[in-house]
Structures are given as structure tokens and as C-alpha cells.
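Notes follow once the structure below has been shown.
Here, each number is a calculation from the coordinates, and none is a lab measurement. Remember, it's a predicted structure, so these values are computed and weren't measured experimentally. Here Cβ is always computed from backbone atoms with ideal geometry, including for glycine, and neighbour counts include all displayed protein chains.
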Amino acid sequence: MTSTPTNDRKARALALLDAADAAGEMYNPTYKDAKDLLNRALEEAAKAVENTLDRSQYDAMWEYGLHASNFTLHRLPLQRKNLDKARQKGVPFDYAAFDALIADWMPIYDRIEAWKPLVKSGRRILSPEERSGTVRTLDNTGTCACCRNNIKLKNDRMVDHGFRISDGFAHYFGFRSGNCFGVGYLPWEVSTEGAVALVKSMQTMLTDTVESLFTLDDRTEFYLPDHLKTRQERNTSVIVKPEDGRFLQAKDDVRRELEMQRDHLQKSIAYYELEINNWKPGTLPGTKAREAQDGGS
């Protein structure tokens, strides 16, 4: 298998599951780490399929909720149903690619679901030998170009970590609840490449969002949000058409979400572009700490 960030995340997560299988137990932090890695890898795998579609297939993908951001482990069975719905309606689509994707990931979904009721709260108690090696230092760390957190490096690049960045006014930028976009990039002290790549990704998202807003009135179907569903419709996927009295409400919900996403992306892009324009090379935290220590001795 070719080594890519997607394959590496998937392999790391499967190694965590294999270790839990061997130990016969799994603690919540390990379970969460495995899920975060797998969700990121699955979304990237779906994005790779998405990038092969032509415009008509791309529109069908959004209509049936099959876009990459909707591919997470817990939604995988629903995505299989959505694909079957499109197939039954004869929608022209590259079913083979999505069938292969879902077939590849369903066994992993089953493993995660099997562990879910067995996961133990808290963390595993470390032995004295293990504890002696767990003191974290600033050695081999850098500042993530996207979230600005101090993160360990592997081969001079960011290792997997979460994503959360604030503008200082309790507003948090970013769209991932799993791993940061900056994973795999050089630290901020060395390069702006991670932030530049993030801006490019957000600009693509912004273009898609604006186009979705522009074509919103042409759509004839919408997924019904939960707050508009009847009690019988809950926990099911409901599509409404113009003859349904809730159609306009569903469209208004989509419009509000798209407008919020557009505004959010515009603010985020402006924030990062300013940071990139003002960037200057810096000293890595480990080097800075050693210099401070040497200067004080």
C-alpha cells in the first residue's frame, strides 16, 4: 500500500484496535483517538472519490448527501442507504467507486461498534516503568501553522493532533472535530506551508458554498432537518419536495447554514492571510528552551 497521510492514519488507528483486541480492553482516550484517526482517513478517502466525479455526478452527490464531509464512521450505514436510494432512482453516478469505498470501511465500522459498549472510562493505570518515561518536554516540538498549539514533530513535521483556534473573542476557527489540518506540515517557526494549504482549502470551500447559495432556488429536494420532523420521522432520513408544506422551511434552514458557513470562511481566510503576510522565521521551542537554560547556567 502506498504511504499517504490517509493510509498512515488508517494504519495507526487499526494498530490501536489490534492492541486493544490483544489486551482484551480499551479505554476511552484510545477509543476516541482511533475514531478521530479513522474519521479523518475516511473523509479523505471519500474526497479522493469525490474528486473523480464530473459536474452532473457532483450535483447528484450533494443531492443525496454523499459529499465527503458526510462520510464518518457512524454515518456509514446511512451513506450506504443514500447510495442505494440514488441507485433505485436511476441517478447517473459512479456507484462502483462508492460501493468499493463503503465495502472497504464497513468492517472497520463493525469493529468500532463492537468495542463501543465495552470501552472503559478514564485512562489505563501506567506501571512505574511506563510513568518514568511520560514527562513531556519541548524537545522535538513546533508550533502548528493552523492551530498554533505546541505539537511534537515526526520527521520535522506535525504529528496527529486536534484542531481548535480562537481569535481571542471566544470565536473558534476551523471545521474539524478530529485531527487538525496542520498535521503533516512543517511547524510555523519554519514555514507557512500549512497555513497556505489551509487557506487554499478554505477558498475552495468558499467557492463551493457561494455556488450552492447561488443555485439554491433551483433545487427541488431538501433533506428535512430534525426540528421539522414528526415523531415518526425521527431517526430517519426524510427528503421534502415543493408539494410538502415544510419545503420552504427546509430551504431556509439550508440557506442560513450556507450563509453562516460563507461568513465563517471569509473571516477565517482573512485571519490566516494576515498571519501569513506578517510571518517571520522563528526558533523552535526546544531550541529556545535549551538556549534559555544555557544562558541561565
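The range 212-234 and the range 16-77 have Cα centres lying 24 Å from one another. In this structure, the pairs whose alpha-carbon distance is over 31 Å, taken from Lys85/Lys120; Lys10/Lys120; Lys120/Lys152, are Lys85/Lys120.
In straight-distance terms, cross-link reach from Lys35 covers every one of the aspartates and glutamates whose alpha-carbon lies under 20 Å from its own, apart from those fewer than eight places away in the same chain; here that gives Asp8, Asp18, Asp21, Glu25, Glu43, Glu44, Asp104, Asp110, Glu113, Asp160. According to the Cα-based calculation, Rg over Rh for the range 5-118 is 1.03, with Rh computed by the Kirkwood formula. Taking a cut-off of 16 Å between Cα atoms, list the lysines near Lys81, but don't count ones fewer than 8 places away on the same chain. Of all the lysines, those that pass the test against Lys81 - Cα under 16 Å, at least 8 places apart if same chain - are Lys89. Computing FRET efficiency as 1/(1 + (r/R0)^6) for Arg87 and Ala23, where r is the C-beta to C-beta distance and R0 is 30 Å, gives about 0.15. Summing +1 for each Lys or Arg and -1 for each Asp or Glu among the other residues whose beta-carbon sits under 11 angstrom from that of Glu193 gives +2.
With the cut-off at under 20 Å, measuring from each backbone N in the range 232-258 to a point 7 Å along the Cα-to-Cβ line of Phe214 picks out 254-258.
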